[in-house]
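Quick note: the coordinates plus some simple rules give every number you see, no bench work behind them. Owing to the predicted nature of the structure, the values given are computational and were not obtained by experimental measurement. No Cβ is skipped: glycine too gets one built from the backbone with ideal geometry, and neighbour counts run over all protein chains shown.
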Amino acid sequence: MSEAPHTRPRRARVLLTLARALLPIAVAAAILVVLPPLWFEDSPYTTGLAVEALVFGCYAVGFNLIFGSTNQLFLCVGALAGVGGYATAILSDKASLPLAVGVAIGTVSAAIVGGVLSWIAVRRSLNVIFTGIVTLVFSLAFTNFIIGQRDLTGADTGYVLQGAATDLADDRIGGYYLFVALLVGLLIVFRVLQLSHVGWAFKALRDDEVAAELAGVDVARYRIYAAVVGSAMIGLTGGLFAYSLGFISPVTYGFAQVDVQVLIIVAFGGLGTLLGPVVGAAAFGFLDRALTDSGQLREAYYGAFVIAIFLFLRRGVIPFVLGLFDRLAALRRRSQRMEGATPGRAER
Amino acid sequence: MLLEVRGLGAGYLGEKVVSDIDFEVSPGEAVAIVGSNGAGKSTLLRAIAGLLKPMDGRVRLEGRDLTRRPAHRVAKAGIAYVPAERHLFPAMTVKTNLALGAYPRRPDRSALELVFGLFPRLEERQRQRAGTLSGGEQQMLAVGRALMSRPKVLMLDEPTTGLAPKLARAAFTALEGLKATGLTLLIAEQQVPLALSVADRGYVLENGRIRLQGSPEELTANPEVRRAYLGVV
Amino acid sequence: MKAVILDGIVLGLGFGLLGVGLTLVYGLGGVLNLAYGEIAIFGAIVVSQAMDRGAPTLVAAAIGMLAAAGLSVLLDLTLMRPVYRQTGEERTLLGLLLTLGVAFVIVGLLNWKYPTGALYIFVGGDPISIAGVPMAAGSVWASVIALGVAGVLLLFFGLTTFGRGVRSVIQDETGARLVGISPSLVRTVIFALSGGLAGLVAVTRSMSAPLTVTAGFDLTTFALIVAVVGGLGSVAGAFLAGVLLGIVDNVSAHYIGEYITAIVLLAAAAGTILIRPRGLLGR
């Protein structure tokens, strides 16, 4: 086009902005797509670990939306994923519904549960700690409920999904690409929200709730909105994970197994950032692989790693890296100012 | 010279709010630091009290260097600070609040009697929770608590905050009473006439620096002071 | 029914003891010590090792409690320093994450060194009759200890100068500084106390049933619930909440069933938090 930029048609401008906004996601997606042939050596074990990392990345995107954007400490990621997972499993097998329907119902159920929890927290003006504790209690209650409903869920012994397709299983490459697609999709949703008026409202309410309220932001509504969308993301992931694993048990969605990891992943990558969950999940995926042979000391190394990270990278990797860039830019600007003489500067 | 401040500079997050503060207080003196909002009075007092780490300068009490000491050490050394926010213990009774003023010692009878003598209201309400007291009563309690440690210097930040004019005058009458017992006072106040009514000397703080100093008569006669703080043209 | 309730009270006193250590540390500094359960287990392992080497029970218990207290102090003096430098929510979140890391380190090391480690203090003797209800000797002793400790703690915090100092830090940290109290010293002492209490909890729990290396997480979660329901920062609140939850737990377990009981308990806890977020006896 030979027109000057400001005369380009509006649609082209919008598309350009959108493209620029989605660039980081595209880069991440490209890396993920290319990874298996380079790295996995066709090992089902490595593929399985990678799928797990991706799943946690997806959970983390949802959690990032809920906690990172609106400060609601939802310590029930596992339970929400479990709602999705068990709904998918039970509906597809016992009610013989097609898988897609099962997953959809699971997602919607998780979204509803998350929305209700958020509504309760909002109504009772629960602060961060109390929201965390109430959702933790919900997590534990959910696990106990699953175990208690023996006939329906198979309790401790777990549940095998008859309808699981083997080529999307978690140790096959099909499963890997399924979750790459899911992760990219969730990231796009996150990004679009971030750039819309919703994202603006989130930023305002995270900064100063009272000021946001006074500025006309319905804090309550945006909180619940974030919780519903985030929970849907988590439920969807949980449902698809059930399908790809082929076998679930309370341990798959337990607090200690899921929530702890997700919290650490998001905090590590950078709370509220777009790619933080991806960076975090990748880091812990690698860590998992590195610690495979450490046997009993795994947990100890893991804990030491967590301590080290939060002592030194308090706000997470991405803010830290961005901060480095900022400082580099400031240094460069300062040196430019010092060496370049402005024309007309008087000599002493 | 009881309290000596030399070249003190202090502020928040790298920004200096007060600089080059030089003054001293002799035993038994009452010194007033006056200035409008934002002049730096609170910052100055907090830096002396140890709630804020000074960036430059020195604070000495009876020759002992207290600069950069944490607040609890400064309090133990003998400087009792009553901040504008008071920081009482809301769920504890008046009596317990006062008792804690004597920490780590047990409260002594004569100190308690002094405080109750000065503030009979507190004696009436001694079993009441501090959080339920009125503004004026809380101020009395804050001062009373500070007195329980038998301090060498009593520092007050805007003691008239939130007090109706009548109560504010009563507060300064009480301070005169304290001064009469020989207590050394350092008072930061926006209300210049009240502050100067009790002080032996005053310093005018403006934009973080000491602009003027002198006796109450000198300051009251100063045309700038009259225009800026006394509303006299 | 009387037996069930009494049993619940016995259980509940143990819960209360569990919650006290956690509630104090939170009340003082806004830090939720998620490594609490693991510190208790550490204490238990020390006791068990001491007993294996021939130490008499009481001595071993004392050693275990001291070890747990020592570990707590170490934690406070090292990792908690950067946490206390933060304020408000940043402090809470960092405290949460760091203590979580510590929990992993402790349980990882214990699991590695003592994978089958467990503590069981057998208190022999015939069942003791309380108000006409026969109860296992171990449980009775455990509650006596818990009651005793509760009394001592309440007296300490209510009447002594230092105890008052601790309460003052909980209510207004700056105010405490102004009267000459060092919040960091108070925190270190209370961390030590909470560690010792954790060790004591491990000992008393092991008097009713063996306490294994993997029990740490459940202990922490339970301590958290008791502390929150009782009111964060309140010693009396933790005991009251513990006893109430203990009764609910036992009545429900007796008349309904194990997994439903867990849910009932959790629901009771959540309900209390929702109806009265500051807890039963919180400010």
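Report D for the protein assembly as shown in µm² per second (integer): Stokes-Einstein, Kirkwood Rh on Cα pairs, 37 °C, 0.692 mPa s.
107
What are the semi-axes of the equivalent ellipsoid for the range A:199-348, taken as the square roots of 5 times the Cα gyration tensor eigenvalues, largest first, in whole Å?
40, 27, 13
How big, in percent, is the set of alpha carbon pairs in the range A:289-335 lying more than 16 Å apart?
I get 59 percent for the Cα pairs in the range A:289-335 exceeding 16 Å.
Could you work out the mean projected area of the convex hull around the alpha carbons of chain A, in square nanometres to one decimal?
25.4
Output the Cα-based Rg and Dmax of the range B:57-100 in Å, rounding Rg to one decimal and Dmax to a whole number.
Rg then Dmax for the range B:57-100, in Å: 13.4, 39.
What translational D, rounded to a whole number of µm²/s, comes out for the range A:1-117 from Stokes-Einstein when the hydrodynamic radius is the Kirkwood one over Cα pairs, at 10 °C and 1.306 mPa s?
89
How do C:Leu280, C:Leu119, B:Leu122, A:Leu80 rank when sorted from fewest to most other Cβ atoms within 10 Å of their own Cβ?
Arranged by neighbour count, lowest to highest, C:Leu280, C:Leu119, B:Leu122, A:Leu80 become C:Leu280, B:Leu122, C:Leu119, A:Leu80.
Which whole-number percent is the relative contact order of chain B (Cα, under 8 Å, 6+ apart)?
27
Taking H as built 1.01 Å from N, whose amide H comes closer than 5 Å to the amide H of B:Ala84, not counting residues under 5 places away?
B:Asp157
Taking every residue in A:293-299, how many Cβ atoms of other protein chains lie within 10 Å of its Cβ, on average?
4
Report, to the nearest 10°, how far helix A:99-123 tilts away from the longest principal axis of the Cα atoms in chain A, using its own Cα long axis and a range of 0 to 90°.
Approximately 70 degrees, to the nearest ten.
Pick from C:Ala103, C:Ala268, C:Ala142: which is most flexible by mean-square fluctuation in a GNM of chain C where alpha carbon atoms under 10 Å apart are linked?
Evaluated over chain C, the most mobile residue of the options is C:Ala268.
Using modelled amide H (1.01 Å from N, peptide plane; none on Pro or chain starts), what sits under 5 Å from the amide H of B:Ile33, excluding residues fewer than 5 places away?
B:Ile187, B:Ala188, B:Glu189, B:Tyr203
Taking N as the number of residues in the range C:160-283, what is its alpha-carbon radius of gyration divided by 2.2 N^0.38 Å?
Ratio of Rg to 2.2 N^0.38 Å for the range C:160-283: 1.24.
Could you give the dipole magnitude of the protein assembly as shown about its Cα centre, charging the beta-carbon of Lys and Arg +1 and that of Asp and Glu -1, in debye to the nearest 20?
The dipole of the protein assembly as shown has a size of about 2200 debye.
According to the Kirkwood expression over distinct Cα-Cα pairs, how big is the hydrodynamic radius of the range A:89-154, in Å?
Radius from the Kirkwood sum: 13.6 Å.
What does the convex hull of the alpha-carbon atoms of the range C:84-179 project to on average, in nm²?
10.9
Write down, largest first, the equivalent ellipsoid semi-axes of the range B:65-175 in whole Å, where each equals the square root of 5 times an eigenvalue of the alpha-carbon gyration tensor.
So the three semi-axes of the range B:65-175 are 21, 17, 13 Å.
Which residue, C:Val83, B:Gly11, C:Leu266, has the largest displacement toward the positive end of the dipole of the protein assembly as shown when charges sit on each Cβ (Lys, Arg +1; Asp, Glu -1)?
Highest projection toward the positive end goes to B:Gly11.
From zero up to wherever the largest Cα-Cα distance of chain C sits, split into 10 Å bins and tell me the percent of pairs in each.
7, 29, 36, 22, 6, 0
Sorted from fewest to most neighbouring beta carbons within 10 Å, what does the list C:Ile247, C:Ile41 look like?
Neighbour counts put them in this order, fewest first: C:Ile247, C:Ile41.
So what's the back-of-envelope 222 nm ellipticity for chain C, counting only DSSP H runs of four-plus at -39500 (n - 2.57) apiece and dividing by all residues, rounded to 500?
So the helix-based figure for chain C works out to -25500 deg cm²/dmol.
Among B:205-217, B:143-155, A:181-193, A:17-29, what's the highest-first ranking by average C-beta atoms within 10 angstrom per residue?
Top of the packing list down: B:143-155, A:181-193, B:205-217, A:17-29.
Excluding residues on the same chain fewer than 8 positions from A:Lys203, give the aspartates and glutamates whose Cα lies under 14 Å from its Cα.
Reachable aspartates and glutamates: A:Glu213, A:Asp218.
Evaluate peptide C:169-176: per residue, the Cβ atoms of other protein chains within 10 Å of its Cβ; return the mean as an integer.
So the per-residue partner count for this stretch is 6.
Compute the angle between helix A:219-245 and the longest alpha-carbon principal axis of chain A, please, reported from 0 to 90 degrees and rounded to the nearest 10.
Once rounded, one gets 50 degrees.
Based solely on C-alpha atoms, express the radius of gyration and the Dmax of the range C:23-100 in angstrom.
14.9, 48
Magnitude of the Cβ-charge dipole of the range A:258-348, K/R +1 and D/E -1, about the Cα centre, nearest 20 debye?
Magnitude of the dipole: close to 700 debye.
Which one of B:Met55, B:Ala39, B:Val74 has its Cα pushed farthest toward the positive end of the charge dipole of the range B:1-82, where Lys and Arg give +1 and Asp and Glu give -1 at the Cβ?
Farthest towards the positive end: B:Val74.
Just want the ordering: C:Ile106, C:Ile263, from fewest to most Cβ atoms lying within 10 Å of their own Cβ.
C:Ile263, C:Ile106
When DSSP assigns beta bridges and you keep just the ones with both residues in chain B, what percent turn out antiparallel, to the nearest 5?
55
Determine the calculated [θ] at 222 nm for chain A from helices alone, applying -39500 (n - 2.57) to every DSSP H run no shorter than 4 residues and normalising by the residue count; nearest 500 deg cm²/dmol.
-24000 deg cm²/dmol
Need one number: % antiparallel among DSSP beta bridges in the protein assembly as shown, to the nearest 5.
In the protein assembly as shown, approximately 60 percent of DSSP beta bridges are antiparallel ones.
Which of these, C:Leu110, C:Leu244, C:Leu193, has the largest mean-square fluctuation under a Gaussian network model of chain C (Cα springs below 10 Å)?
C:Leu110
Of A:Val83, B:Leu219, A:Leu322, which is farthest towards the positive pole of the protein assembly as shown's charge dipole, taken about the Cα centre with +1 and -1 on the beta-carbons of Lys, Arg and Asp, Glu respectively?
B:Leu219
Work out the mean other chain Cβ neighbour count within 10 Å for the residues of B:86-99 and drop it here as an integer.
Across B:86-99, the average partner-chain Cβ count within 10 Å equals 4.
Rounded to a whole number of µm²/s, how large is the Stokes-Einstein D of the range A:254-295 at 4 °C and 1.567 mPa s, given Rh as the Kirkwood radius over C-alpha pairs?
Here the translational diffusion coefficient equals 121 µm²/s.
Kindly write out, for the range C:247-260 in residue order, the coupling ³J(HN,Hα) from the Karplus curve 6.51 cos²θ - 1.76 cosθ + 1.60 (θ = phi - 60°), rounded to whole Hz, with x marking Gly and Pro.
Karplus-based 3J(HN,Hα) across the range C:247-260 equals 5, 4, 4, 5, 4, 5, 4, 6, 9, 10, x, 4, 6, 5 Hz.
Along each principal axis of its Cα atoms, how long is chain B end to end? Whole angstroms, biggest number first, please.
Taking the Cα atoms of chain B, the three principal extents are 48, 39, 32 Å.
Using the alpha carbon gyration tensor of the range B:111-233, what are the three equivalent-ellipsoid semi-axes (square root of 5 times each eigenvalue), largest first, in whole Å?
Three semi-axes, in Å: 29, 16, 12.
Take the Cα atoms of the range B:73-129, find their three principal axes, and give me the spread along each one in whole Å, biggest first.
32, 26, 18
Mind listing the phi-derived Karplus ³J(HN,Hα) values for the range A:176-181, rounded to whole Hz, using 6.51, -1.76 and 1.60 with θ = phi - 60°, and x for any glycine or proline?
4, 5, 4, 6, 4, 4
Given springs between every Cα pair under 10 Å in a Gaussian network model of chain A, which of A:Ala211, A:Ala53, A:Ala226 has the largest fluctuation?
A:Ala211
When the dipole is taken about the Cα centre of the range C:1-88, and only Lys, Arg (+1) and Asp, Glu (-1) are charged at their Cβ, what size is it in debye, to the nearest 20?
About 160 debye.
Want the number for A:Asp218 to A:Val160: 0.36 nm per residue separation, take away the alpha-carbon distance, what's left?
16.5 nm
Among C:157-169, B:83-95, how do they line up by average Cβ neighbours within 10 Å per residue, starting with the highest?
B:83-95, C:157-169
For chain A, take the longest principal axis of its alpha carbons; what is the angle in degrees between that and the long axis of helix A:276-290, to the nearest 10 within 0 to 90?
Roughly 60 degrees between the two axes.
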